[in-house]
1. Check whether at least one residue in segment 327-339 is in contact with a Phe, Trp or Tyr (Cβ under 6 Å, 6 or more places away or on another chain), part of a loop (DSSP other than H, G, I, E, B), not small (Gly, Ala, Ser) and not assigned by TED's automatic domain parsing to the domain that holds Thr451, and report yes or no.
2. Looking at segment 85-106, can you tell me whether even one residue there is within 18 Å of Phe156 (Cβ to Cβ) and surrounded by 13 or more Cβ atoms within 10 Å (Cβ to Cβ)?
3. Looking only at segment 401-415, count how many residues are surrounded by fewer than 14 Cβ atoms within 10 Å (Cβ to Cβ) and outside any helix (DSSP H, G or I).
4. Mind listing whichever residues of segment 40-76 are assigned to a loop (DSSP other than H, G, I, E, B), closer than 23 Å to Tyr206 by Cα and among the β-branched types (Val, Ile, Thr)?
5. Restrict the check to segment 312-333 and report whether at least one residue is at pLDDT 95 or above, within 26 Å of Lys220 (Cβ to Cβ) and under 25 Å from the mean Cα position of the chain (by Cα).
6. Are any residues in segment 457-507 more than 30 Å from Asn576 (Cα to Cα) and among the charged types (D, E, K, R), and if so, which ones?
7. Do any strands (runs of 3 or more DSSP E) entirely within segment 176-255 hold 1 or more residues that are at positive phi and without any contact (Cβ under 8 Å) to a residue 40 or more places away in the chain, and if so, which?
8. Just give me the residues in segment 530-550 being surrounded by fewer than 17 Cβ atoms within 10 Å (Cβ to Cβ) and either in contact with a helix residue (DSSP H, G or I) (Cβ under 6 Å, 6 or more places away or on another chain) or in the same structural domain as Pro448 (by TED's automatic domain parsing) (or both), in sequence order.
Amino acid sequence: MKKTIVLFFAALTVSAFAVAQTDRWQQAVKYTMNIDMDVNTSRFTGKQKLEYSNNSPVALTKVFYHLYFNAFQPNSSMDARSRELGKVLVNGRPDWDGRVKDRILNLKPDEIGYQKIISLKMNGVPQPFKYHETILEVNLTKPIASKTKVVFDMEFEAQVPLQIRRSGRDNPTTGVRYSMAQWYPKMCEYDYEGWHPTPYVAREFYGVWGDFDVTINIEKSYKIGGTGVLVNAKEIGWGYDAPGTELKPTTKAKRSWRFTGQNIHDFVWCADPEYKHLVYKMPDGGPTLHSIYNYKENDPKNDSAWALVLTAAAKALPFIENNFGKYPYPQYSFIQGGDGGMEYPMATLLVGPGLGTVFHEWLHSWYQMMLGTNEAMYAWMDEGFTSYAEDQVSKFYDKKSALQGFREALVQNPNNKNLKEIVSTTPEDHSGAYFSYFALAKSGLEEPMTTHSDHYNSNYAYSTAAYSKGEVFMEQLGYIVGAAVRNKILLEYYNKWRFKHPNANDLIRVAEDISGIQLDWYKEYWVNTTKTIDYKIDSLWEENGVSKIRLKRIGHMPMPVDLQLTYKDGSTEMFNIPLNLMFGNKPNEQPAQKREVLEAWKWTHPTYIVEMKRRLTDIKIAELDPSKRMADVERKNNLLELNW
């Protein structure tokens, strides 16, 4: 009887999980915030009304908020972690973030950041809370029942820190007064895995989708750009009501700016008295694009560079939507602020107008703002896929591949060893990512991509894994299933999982459904381990009129293999050897080329023999993976040139 009951409940649990995987529930938030900024002290007070919908199947006995500004205090977790990583040398350099270093330790009381909660009520009842540095724990006086909604009313005060990382004030590089990212008490995400009260140590973010209504009261000379649509544009002017208008006069000491945004999971804004505002309206009901930057007197190049941001974005958007999905929001703002490039819903902070960063941060709208994976656990699905898309968009915009750019650089710098290696070992697209991944794989510092973003042993290992190895994941997927199939996977992934916080398994299921190929092994090896790919052409001989080529797997990660033979008459032939774990093979990517699909290579077998009824002396060149999309860490043994 007990065994029967256990089996029944196990089956019920599996069934419920399967349903959750297909139609995953999401918590929902609705923020209404009103803040009052004192530009003399860089402090502000705020009132926040938060309608929180518990759409989960369980009652919640507590909630958590992020208090990001509390990281910018001496001896905080962010400070200590940065200084500890600075003791680690990678390639002879301290492994800390150059923007942080030990700067937090030296902040004075009027330079630190903080967020303090004055009061917190749920449905009018005061709630007890406890600070854990950048996390606020609230043990509720009454649980939030499943499928119900509550209202939290909060009063808080904060001080904006000096610009250290992402948010802050008075950045000497940009001259921007306020970059207001992670500036408000933000409800942590609760999902099918539970609460995610991730302390702010270094990395990225995870948030609840919902609606924001934010009013900012600030000294009247300040101009603001940020997330969402400016509701009171007619009152403000400054290009929001119509392109080119001036800031409208007011007799009040402070001006109120009210922004709203729907179905987003964060809110950012920046303010500066010297900001300039350019506007471009996409045709046919497309979004309005904004370029907001610090005006530099007698510097027309600065104006033209920020104007180019808009024209480049307008040119790229149709390509982006055709390849990665529809942009659903009414506007997007490119704002000078922050300390490099950082993405937020409907806006990005940019230290300058470089188009590579512009494209990258905007494409986060797809792989973070709309798909919204948990970046702490799946940074490679955000940064890596965004980097992949950036490379594709840059190729479209510049009319040349990444490798072509490196070839041109090599012509100008013929003795550069890195450029020579890139040109000889990497594919036409995403070549920089392959080169970076190869360096990491050979460094001895690589860690699995399943490592929590804050817990990598080095910034170097994290950044290369998240950005470069994640980018290679997607290009290499095209090698496995075919580039055209991979492109279909990307669109279906967007269509099926946007606004649902997908994980790695969700992506793989989509890829398998579209390709008809089993791919769990690919995730297991590439994501969960640091095993590398290395295949070689081992030997070749002729036996009874049959030519034989033996291939050998040296690395510990198995892969499908393309073997291309070039014959003396100039013709070529491709032999595709699927991996037995795939239970299928990719379509012919080059229909004009002769191709034969051979019996699958069993992953347990280190060697494989290709046979053909052709004289061995007919072969001029034998090459494994001529496209170089397979991330083989040693390409020198992939090519055999025969001089008979």
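The values are calculated or read from the model by the stated rules, or taken from the named source; none is laboratory data. The structure presented is a predicted model; accordingly, all values stated were derived computationally and were not measured. Glycine gets a Cβ as well: all are built from the backbone with ideal geometry, and neighbour counts include every protein chain shown.
1. No.
2. The first filter runs over segment 85-106 and keeps only residues within 18 Å of Phe156 (Cβ to Cβ), leaving none.
No: segment 85-106 contains no residue that is within 18 Å of Phe156 (Cβ to Cβ) and surrounded by 13 or more Cβ atoms within 10 Å (Cβ to Cβ).
3. Initially, segment 401-415 is screened for residues surrounded by fewer than 14 Cβ atoms within 10 Å (Cβ to Cβ), giving 408, 411-415.
Those still in the list that are outside any helix (DSSP H, G or I) too: 413-415.
Total satisfying the criteria: 3.
4. Filtering segment 40-76 down to residues assigned to a loop (DSSP other than H, G, I, E, B) leaves 40-42, 55-59, 67, 72-76.
Of the ones still in play, those that are also closer than 23 Å to Tyr206 by Cα are 55-59, 67, 72-73, 76.
Selection gives Val58 alone.
5. Filtering segment 312-333 for residues at pLDDT 95 or above gives 312-333.
Next, from what is left, pick out any that are within 26 Å of Lys220 (Cβ to Cβ): 331, 333.
Right, trim to under 25 Å from the mean Cα position of the chain (by Cα) and you get 331, 333.
Yes, the conditions are met somewhere in segment 312-333.
6. If the condition is that a residue be more than 30 Å from Asn576 (Cα to Cα) and among the charged types (D, E, K, R), then Lys496, Arg498, Lys500 are the ones that fit.
7. Values: elements: 178-180, 189-191, 194-196, 210-219, 223-226.
Once the strands (runs of 3 or more DSSP E) in segment 176-255 are filtered for at least 1 residues that are at positive phi and without any contact (Cβ under 8 Å) to a residue 40 or more places away in the chain, what remains is 194-196.
8. Here is the first cut: in segment 530-550, the ones surrounded by fewer than 17 Cβ atoms within 10 Å (Cβ to Cβ) are 531, 539, 541-546, 548, 550.
Result: Lys531, Glu542.
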